[in-house]
Amino acid sequence: MENKKDTATFANGCFWCTEAIFQEVDGVEKVTSGYTDGNTKNPTYEQVSSGTTGFAEALQIVYDPSKVSFDELLEIFWKTHDPTTLNRQGNDVGTQYRSGIYYHDDHQKEKAVYYKNALDKSGAFNSPIVTEIKPFSAFYAAEDYHQSYFNNNENKNPYCKIVIRPKVDKFRAAFKDKLKK
């Protein structure tokens, strides 16, 4: 009997950076970079980058809940970006870089709200969390050249070495027990 798959949809800044992290998680079977929570059908990168479509750069993560839980994915989500900056991550600025969790069912909604509230109350961050938690509506895969961007361009694009590589290294050090073997 095949294990049941589940889907998580997260927006946490530049999808090149976050895709590279979630691809390494044991139990994650597929990570697709794309766009969610916007106003048009089949948006292009250029349209989304304009900041006028309402879309966020996002990841669609297909995972095996018998190997990695939604709670564990949320932990990685919260710890690998800054959920306190409105419409920005690092040097990337605009609504397309907002922090968001787009839940697929009531269980995901409850977990996302619970952890957001618990993290805010704990003082884990110096500022209030601005991550939006909304029902999933639609997801459009980004153009092919965006998929597995870091893996395909690490030695070709300086952005990969300067921005993405340090994030991946930090993730690997913090989540050794969650990495694919």
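The values are calculated or read from the model by the stated rules, or taken from the named source; none is laboratory data. Please read these numbers as outputs of a predicted model, since none were measured by experiment. Don't worry about glycine lacking a Cβ; one is built from the backbone with ideal geometry, like all the others, and counts go over all protein chains shown.
Some observations on this one:
- Exclusive hit being modelled with pLDDT of 95 or more, among the small types (G, A, S) and touching a Phe, Trp or Tyr at 6+ places or on another chain (Cβ under 9 Å), set A124, A141: A141
- Strands (runs of 3 or more DSSP E) enclosed by segment 51-164 - at least 2 residues per element that are under 16 Å from the mean Cα position of the chain (by Cα), under 13 Å from T9 (Cα atoms) and among the aliphatic types (A, V, I, L, M): 56-63
Each row is one residue, and each column tells you yes or no for (1) polar (S, T, N, Q); (2) touching a Lys or Arg at 6+ places or on another chain (Cβ under 7 Å); (3) at negative phi.
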| site | (1), (2), (3) |
| --- | --- |
| G90 | no, no, no |
| Y115 | no, no, yes |
| V130 | no, no, yes |
| D144 | no, no, yes |
| L179 | no, yes, yes |
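- G34 vs. criteria at pLDDT below 95 and either in a helix (DSSP H, G or I) or among the small types (G, A, S) (or both): no
- Restricting segment 137-181 to residues that are of a type in the set (A, V, I, L, M) and more than 30 Å from P43 (Cα to Cα), the residue that is surrounded by the most Cβ atoms within 10 Å (Cβ to Cβ): A174
- T80 being β-branched (V, I, T), surrounded by 20 or more Cβ atoms within 10 Å (Cβ to Cβ), touching a residue at least 24 places away in the same chain (Cβ under 8 Å) and over 19 Å from K180 (Cβ atoms): no
- Sole exception among (1) farther than 14 Å from A142 by Cα; (2) in contact with a strand residue (DSSP E or B) (Cβ under 7 Å, 6 or more places away or on another chain); (3) surrounded by fewer than 21 Cβ atoms within 10 Å (Cβ to Cβ) for G13, by number: (3)
- Within segment 7-29, residues that are closer than 14 Å to F77 by Cβ reach partners that are buried (at least 23 other Cβ atoms within 10 Å of the Cβ) and of a type in the set (D, E) with beta carbons closer than 6 Å, at six or more positions or on different chains, in the pairs F15/E57.
- Flag if A112 is without any contact (Cβ under 8 Å) to a residue 24 or more places away in the chain, under 14 Å from L74 (Cα atoms) and out of contact with any Cys (no Cβ under 6 Å at 6 or more places or on another chain): no
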